[in-house]
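S.K.: Before anything else, here's the structure in question.
The values are calculated or read from the model by the stated rules, or taken from the named source; none is laboratory data. These numbers were taken from a predicted model, which means no experiment stands behind them. When we count neighbours, we look across all protein chains shown, and the Cβ atoms used for this are built from the backbone with ideal geometry, even at glycine.
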Amino acid sequence: MNEEDSEQLQIQLEKMGFKKVARPQLARIILLNTCSVRKKPEDKAFSMLGELQALKLHHPETIIGVCGCMAQARYDEILKRAPHVNFVLGTGDLGNLTGLVQQALHGQRRLKSISLPERKGATVADIPTRLVPTVKKIKAYVPIQYGCDKFCTFCIVPTTRGRERSRPVDDVVSEVQVLAGNGTKEVTLLGQTVNSYGKNLPGGKFRFSELLSKLQNVEGLERIRYMSPYPRDFSDELIEVIATHSKVMEQCHMPLQAGHDDLLKRMHRVYTVEGFTKIVGKLRKRMPGIGITTDIIVGFPGETNAEFEATLSLVKELKFNGSYCFAYSPRPGTPAASMEQVPSELKMERLQQLLKVQDEVTKQIHEGLIGKNFEVLVEGPSQRDPGFLSGYTREGIHFCFEANGERAGRIAEVSATGAHHWGLTGTTVGLPN
Ligand code: SF4
């Protein structure tokens, strides 16, 4: 979501005539788009603001803006600790960038554009205006829902991004049509709980599965992904749509967060281990080979050895293709921040244990795929070795392969010959289109 917000900010600056430069020292405007989901990125943002203070001493004309979740939640503190900042811009106010930049160009500082989080049941009127990029992009993010109504006890998102509201169906479809017309082959639909899309729309409820069906018909579009579904809202009907719609990829990133019901309860995740396991089973039954990844938090307040061991065994049992694992980081103002904390060393020890287990699972899965063929949307030369091309399989597995010439934007059929912790390597079998 932050990456997508950064793109919206970039498009606005380009419309004003600004261009990207190679180094901060050359910039007239520097924007920090911040994240509040853990403490580490917040610390990093404050440390960068310190560096920018030094830069501003030598380049006093440089405009510095702080955007995103941290600006939304901690704007007063930012303006106090970093008086060299020209403006702070909240998550719901990205469209106000142009106005703030114009004021800052006239030498103003300490400006702010922060809207209060939306009320419960917010309607489409609270949806920010979006700018669709006109440059050709093989893959694009398309936000379809903003904010979140789930209120997990560890999470700051409902505070920084407000209540859940969905973009109107026609808006989403027409954006995807424009993107596909400009050459985009793959879209990733974004939402904090993307599969609960469609509540509170003025025309009545519209299901996420129905939206997928509509997008299946967009001419020129080849692939649809979505991030992140919430387990409780994963219906059988949605599984059927994913399985039967050729453009919807056989990939699912579904956050588990913890492998023990008591932990899930303390996190206010409203599903059980059994419920989650059932969805994984149904997805795999309907789409053998589907790529399933997840998010896991270790060291959540009060996490016992038994609870952590339950998470470890569930990871072994469910065999995720990959997991984004994090040590719990208290977010001020959230209920979990005032619960009994797990000591840092223990959290880090558990994190290492979990990463090791997941690495082994991923390695085994990738080794089992050697000799199989995959469809890869070619993105261009591999960053690991420019002599190779790279892209992702339908299942979301990173794939590097030898091929002659540049074929970005096409779908290549490839055969896996090598397995790595990050993905697969192989050779081209054919280029079907
Ligand atoms: S569902 Fe996701 S975004 Fe919403 S509160 Fe929970 S963790 Fe945060």
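S.K.: Wholly within the range 249-356, which helices (runs of 4 or more DSSP H) include no fewer than the required count, namely at least 2 residues that are within 16 Å of the ligand (Cβ to nearest atom)? Can you show your working first?
M.R.: Numbers: elements: 261-266, 273-286, 305-318.
Ranges flagged: 261-266, 273-286.
S.K.: Go through the range 8-43 and give me each residue that's among the charged types (D, E, K, R), in contact (Cβ under 8 Å) with a residue 12 or more places away in the chain and under 24 Å from A140 (Cα atoms).
M.R.: Result: K15, single match.
S.K.: Looking only at the range 386-417, count how many residues are modelled with pLDDT under 95, acidic (D, E) and either within 17 Å of E186 (Cα to Cα) or within 26 Å of the chain's Cα centre (by Cα) (or both).
M.R.: Looking only at that region, the number is 1.
S.K.: Assuming V273 fulfils every condition listed in (1) out of contact with any Gly (no Cβ under 7 Å at 6 or more places or on another chain); (2) in contact (Cβ under 8 Å) with a residue 24 or more places away in the chain apart from one, which condition is it?
M.R.: (1)
S.K.: If G396 passes every condition in (1) over 30 Å from P158 (Cα atoms); (2) assigned by TED's automatic domain parsing to the domain that holds H420 but one, which one does it miss?
M.R.: Condition (1) is where G396 drops out.
S.K.: Of all residues in the range 128-180, which are of a type in the set (S, T, Y) and more than 27 Å from E14 (Cβ to Cβ)? Steps first, please.
M.R.: First, pick out the residues of the range 128-180 that are of a type in the set (S, T, Y): 129, 134, 141, 146, 153, 159-160, 166, 174.
If the condition is that a residue be of a type in the set (S, T, Y) and more than 27 Å from E14 (Cβ to Cβ), then T153, T159, S166 are the ones that fit.
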